[in-house]
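Right, one structure below, let's go through it.
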Amino acid sequence: QVQLVESGGGLVQAGGSLRLSCAASGRTFGSQAMGWFRQAPGKEREFVGAISWRGISTYFADSVKGRFTISRDNAKNTVYLQMNSLKPEDTAVYYCAARGEHLPIVTMTNAYDYWGQGTQVTVSS
């Protein structure tokens, strides 16, 4: 019902920036909270940040707070993750995910119903 496609990953030097995009299908995007997660090799998938369905509220993990921002354009069915001051420890596959309609931001992986395929972000020192 909802398909998500991430893009914008790549190789960047430490201290640099990348912007990830997540394009969504369907007509319910404007009513769904969106989250970003990441998974490094050998590690569990972890919460990065999320944005409410209205786009008014955002929440971030402590590890990225002050460096990453999230925005959304509901007219374009797209959510963005702007990553600044990147560190080697940010290297991971990044996934976007969607909750059901009109549900609030949470950090639990299993609270999100739809997932993209992921995009690789590699930060070199």
Legend entry - Test: Trp53 is open to solvent by 50 Å² or more (accessible area, probe 1.4 Å) and closer than 15 Å to Ile105 by Cα: yes
Sole miss for Gly16 among (1) touching a strand residue (DSSP E or B) at 6+ places or on another chain (Cβ under 6 Å); (2) farther than 21 Å from Thr107 by Cα is condition (1)
Can you find a residue in region 32-51 that is over 19 Å from Glu6 (Cβ atoms) and in contact with a strand residue (DSSP E or B) (Cβ under 9 Å, 6 or more places away or on another chain)? no
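Could you check region 28-125 for strands (runs of 3 or more DSSP E) lying wholly inside it with 3 or more residues that are closer than 18 Å to Gln13 by Cα, in contact (Cβ under 8 Å) with a residue 24 or more places away in the chain and not charged (D, E, K, R)? If you could, list the steps in order and put the result at the bottom.
On the way: elements: 32-39, 46-51, 58-60, 68-73, 78-83, 92-101, 119-124.
Passing ranges, in order: 78-83, 92-101, 119-124.
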Of the listed residues (Val93, Val106), the one being more than 23 Å from Ser17 (Cβ to Cβ), open to solvent by less than 70 Å² (accessible area, probe 1.4 Å) and among the hydrophobic types (A, V, I, L, M, F, W, C) is Val106
Can Gly30 be described as more than 19 Å from Gln117 (Cα to Cα), open to solvent by 40 Å² or more (accessible area, probe 1.4 Å) and not aromatic (Phe, Trp, Tyr)?
no
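The values are calculated or read from the model by the stated rules, or taken from the named source; none is laboratory data. Source: prediction; values computed, not measured. Backbone-built Cβ (ideal geometry, glycine too); neighbour counts: all protein chains shown. What goes into the accessible areas is simple: the full protein's heavy atoms, side chains included, and nothing from ligands, DNA or RNA. Shrake-Rupley method; radii C 1.70, N 1.55, O 1.52, S 1.80 Å.
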